Amino acid sequence: MRDVKLTDIYQHRIAQKYITRSGIAHAIAVAYHAFQLAHESGEDVDSAAKAGFMHDIGHYTWYKNGKWDYDLYRLNDIHAIKGAERAHKLLIRLGENPIKAKEVALAILFHTDSFLPGGEVVRTPLQSIVKLSDEKDEEPGGAHHYRELDFERAMKSLEILDNKIDDYLKKKEE
Ligand SMILES: [Fe+2]
């Protein structure tokens with residue numbers, strides 16, 4: 001049995017505020033990709049889905065005159081750092097196992113190179129999965145952040161993914 005489900009995360013006010021901000025449809029799509037890739041490579045499907053779902057929870061809004069300002073964003077963005085911390089705090093509050101909370105936080109920290117001054121990060125397989133899953137759902141001009149999905153449908157998709165994760169873990173135990 002998992003300590004925390006995706007639907008528990010989504011219903012929390014912190015997730016409602018910050019995951020919704022950078023696009024709930026994108027968050028869910030990345031969670032599905034991460035689950036799939038983890039499934040295929042024998043990695044932890046639960047951590048992968050959670051990190052995928054929360055990978056952009058650290059975004060701030062860099063708008064100027066109603067338009068996203070890429071210069072401001074590039075200059076000031078720390079969403080991977082902020083997201084790692086925010087996701088960790090939220091998971092711990094929800095009763096997550098601290099080792100898992102750390103693993104998810106690190107996968108969020110390394111899901112992008114955008115905040116690093118240079119050089120490649122050496123990623124664990126789980127961290128690579130989250131990065132790749134994010135890239136799979138990217139659309140030109142950042143359009144993936146603006147696809148909409150209402151609360152009910154988002155909950156439904158997350159319930160389905162939660163069930164897939166539970167089924168997989170159950171089969172693995174048998
Ligand atoms: Fe993303």
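Nothing in this text is a laboratory measurement; each read-out follows from the coordinates by a stated rule. Note that the structure is a prediction, hence the values are computed from the model and not measured. As a convention, Cβ positions derive from the backbone with ideal geometry for all residues, glycine included, and neighbour counts pool all protein chains shown.
Observations on the structure shown:
- Computed over neighbours whose Cβ is under 11 Å from that of residue 137, the net charge equals -3, Lys and Arg +1, Asp and Glu -1.
- The range 51-60 - phi-based ³J(HN,Hα) in whole Hz, Karplus 6.51/-1.76/1.60, Gly and Pro as x: 5, x, 5, 9, 4, 9, 5, x, 5, 9
- Normalised by the number of residues in the chain, the mean separation of alpha-carbon contacts (under 8 Å, six or more apart) gives a relative contact order of 31 percent.
- Dividing the convex hull volume of the alpha-carbon atoms in the chain by its residue count gives 111 Å³ per residue.
- Alpha-carbon centroid distance for the pair the range 1-49 / the range 104-174, whole angstrom: 6
- Cα gyration tensor category, rounded, prolate or oblate, for the range 15-116 with a/c compared to 1.5: prolate
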